[in-house]
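The values are calculated or read from the model by the stated rules, or taken from the named source; none is laboratory data. What you are looking at is a predicted structure, and each value in this text was computed from that prediction instead of being measured. Counting neighbours? That spans all protein chains shown, and the Cβs are built from the backbone with ideal geometry, glycine included. Note: areas computed on protein heavy atoms with side chains; ligands, DNA, RNA excluded. Shrake-Rupley method; radii C 1.70, N 1.55, O 1.52, S 1.80 Å.
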Amino acid sequence: MAAARLRSAAAVAIATAIPTAAARPPLLRLPALLPVPGAARLRLSSCRIPPPRGAAAAMSSLSSATAEHEAGAWYAVPGLSLREHRFAVPLDHSSPDEGAAITVFAREVVAAGKEEASLPYLLYLQGGPGFESPRPMEAGGWLKKACEDHRVVLLDQRGTGLSTPLTASSLSQITSPAKQVEYLKHFRADNIVKDAEFIRIRLVPDAKPWTVLGQSYGGFCAVTYLSFAPEGLKSVLLTGGLPPLGEPCTAQTVYRACFKMVQQQNEKYYKRYPQDIQVIHEIVRYLSESEGGGVLLPSGGRLTPKMLQCLGLAGLGSGGGFERLHYLLERVWDPLLVPGAKRSISYYFLKEFDMWLGFDQNPLYALLHESIYCEGSSSRWSAEKIRSEYESLFDPVKATEEGRPVYFTGEMVFPCMFDEIHALRDLKEAAHLLAEKEDWPPLYDVSKLNNNKVPVAAAVYYEDMYVNFNIAKETASQIAGIRLWVTNEYMHSGIRDGGSHVFEHLMGLLNGKKPLF
């Protein structure tokens with residue numbers, strides 16, 4: 001991405017190498033797991049993709065006025081040709097005849113001059129949950145490399161971008177928190193995969209299998225794809241996206257492992273910028289002594305000491321994140337233009353803070369961040385619970401009083417965010433209901449993964465703050481035939497920071513250009 005600033009907590013899970021008008025932090029989406037024997041008993045039928053003929057019939061009943069698939073004309077950016085596709089899909093693929101439909105948007109991309117070329121298809125699944133696919137500005141990074149031999153499909157996963165986006169304002173149309181939950185339950189990986197199959201059957205000539213590239217949470221979705229619709233896959237590439245398996249809810253396993261990595265990243269940050277220890281102490285004192293324990297943000301939310309810690313989500317886990325965080329802290333205070341004037345946090349800093357945490361534009365990330373780990377069990381605010389186990393380390397006020405570094409947090413969502421982030425306040429009740437919801441359907445079939453026949457190559461980042469290295473290795477052991485590239489050359493944002501190299505290396509693992517040993 002070309003922009004210098006990360007905009008969101010989900011940013012680190014959604015890192016991408018495509019230049020865009022505004023860079024977004026990688027988002028998470030995140031794992032940790034240890035397989036359990038019972039996991040192999042997950043029922044395939046509960047997540048089976050509807051056959052194309054039935055899906056087409058169902059879609060024809062959704063709306064006679066809405067085309068099942070609309071394709072736009074080709075247009076260009078430097079080095080690339082693009083066209084847009086819109087698909088009318090069932091909100092609930094398991095009950096397509098009920099009539100509720102949404103739009104799913106995808107952008108087809110080829111190298112300039114290859115519009116009519118016969119090329120294999122590659123589907124890109126963005127990190128998240130809740131973030132749209134990147135918007136190409138020019139040929140570059142992994143996209144340029146992929147377009148040498150593929151026709152790339154950039155999918156806006158349902159609820160994001162132009163795929164019937166779920167925003168704070170659009171969700172306000174749903175009149176009660178309970179009804180919001182009934183709607184939101186259809187926006188996890190199981191239905192994202194069903195959307196992908198719906199699109200493949202209608203877009204790819206002869207409905208041939210395609211390659212899927214999944215970054216972060218997009219990798220989680222790709223493993224769901226391997227579990228329930230492997231017939232649609234030619235091969236799978238994963239970048240920082242091996243999900244936890246084997247427990248009814250793996251969220252606590254994830255956060256317990258990730259808090260340790262977050263602690264390590266904090267220690268590394270303060271070794272590089274020890275002067276920022278005092279800067280953060282001054283900010284925490286200022287906020288805690290302010291009326292109400294914080295200051296008003298331009299968005300209408302409140303910056304408190306705990307919210308300040310959320311800068312770690314985008315600042316600690318991606319390439320260049322340390323520097324962006326340090327340079328942000330350089331501008332925290334307004335200059336004193338008049339002798340004796342009261343010290344205040346600058347509007348610049350407050351505005352940048354809002355932009356770093358992009359929840360106001362993409363609330364789906366906050367709403368479903370823990371639910372993506374649930375299969376037949378609830379999360380019950382797992383990150384908050386695990387944080388309490390580390391409270392002596394992560395209490396910002398206590399750390400300031402004791403003269404210790406204030407640790408930033410990572411890719412976690414806490415209940416306080418639904419009080420302090422203005423755009424999330426009206427979704428607070430729905431968030432609590434989602435945290436308690438137990439009847440989540442399966443996302444993975446471990447027995448199917450154990451017998452996988454689809455070629456899979458995965459980049460596993462040794463110092464990944466969002467997808468724990470040890471958990472990723474354990475998951476890989478459950479996927480038959482997977483080939484791993486373990487590296488500390490990149491962080492979670494490897495597909496953004498070194499996309500051409502990462503993509504080429506993974507393809508080399510699949511096509512025999514990289515040795516087996």
Check: So how much accessible area does Cys374 have, in Å² to the nearest 10, using a 1.4 Å probe?
Finding: 0 Å²
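For segment 251-337, run through the GluC sites (Glu not before Pro) and keep only the ones in DSSP coil with at most 16 other Cβ atoms within 10 Å of their Cβ. Could you put the intermediate results ahead of the total?
Working: sites: Glu267, Glu282, Glu289, Glu291, Glu323, Glu330; in loops: Glu330.
Here the GluC sites (Glu not before Pro) that fit, given the DSSP loop and packing criteria, are Glu330.
Note down the relative contact order for segment 401-517 as a percent, whole number, built from C-alpha pairs under 8 angstrom at least six residues apart. Intermediate results must be reported in sequence, preceding the final value.
Details: 94 pairs, mean separation 25.2, N = 117.
In percent, rounded to a whole number, it is 22.
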Checklist line | Beta bridges by DSSP in the chain, antiparallel share as percent, to the nearest 5 | finding: 50 percent
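Starting from the Cα-Cα distance between Ala76 and Leu433, subtract it from 0.36 nm times their residue separation and give me the gain in nm to one decimal.
Numbers: separation 357, 0.36 × 357 = 128.52 nm, distance 4.46 nm.
Here the segment from Ala76 to Leu433 would lengthen by 124.1 nm.
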Item checked: Built amide H within the under 5 Å cut-off of Ser235, gap 5+ -> Thr211, Val212
Notebook entry, point to check: If R0 is 60 Å, what FRET efficiency do you get for Ala341 and Ala112 from their C-beta distance, rounded to 0.05?
Noted result: 0.60
Item checked: Cα lying deepest toward the dipole's positive end in segment 217-356, options Gly317, Gly300, Leu237, charges on Cβ -> Gly317
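Evaluate the charge dipole of the chain about its Cα centre and quote only its size in Debye, nearest 20, assuming +1 on the Cβ of each Lys and Arg and -1 on the Cβ of each Asp and Glu.
Numbers: 53 positive and 55 negative charges, 174 e Å.
Here the chain has a charge dipole of around 840 debye.
With runs of 4+ DSSP H residues as the only contributors, calculate the mean residue ellipticity of the chain at 222 nm using -39,500 (n - 2.57) per run, divided by the residue total and rounded to the nearest 500.
Working: 22 runs with 186 residues, N = 517.
Taking each H run of at least 4 residues, the total per residue is -10000 deg cm²/dmol.
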Check: If you plug each phi of segment 457-466 into the Karplus form 6.51 cos²θ - 1.76 cosθ + 1.60 with θ = phi - 60°, what whole-Hz ³J(HN,Hα) values come out, in order, with x for Gly and Pro?
Finding: 10, 9, 8, 10, 8, 4, 10, 6, 7, 9
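Restricting to DSSP loop positions (anything but H, G, I, E, B) with no more than 15 other Cβ atoms inside 10 Å of their own Cβ, which GluC sites (Glu not before Pro) remain in segment 373-422?
Those satisfying the criteria are Glu402.
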Next item on the list: Please report the relative contact order for segment 134-272, taking Cα pairs under 8 Å with a sequence separation of at least 6, and give it as a percent rounded to a whole number.
Entry: 15 percent
Margin query: Compute the distance from the alpha-carbon center of segment 83-115 to that of segment 281-317, in whole Å.
Written below: 40 Å
Note to self: Could you work out the relative contact order of the chain? I mean the mean sequence separation of Cα pairs under 8 Å and 6+ apart, divided by the number of residues, in percent.
What the structure shows: 23 percent
Margin query: As I understand it, the dipole of segment 395-475 uses +1 on the Cβ of Lys and Arg and -1 on the Cβ of Asp and Glu, about the Cα centre. Which of Asn450, Val406, Thr475 lies farthest toward its positive end?
Written below: Asn450
Item checked: Computed over segment 322-457, the ratio Rg/Rh where both radii use C-alpha atoms and Rh is Kirkwood -> 1.10
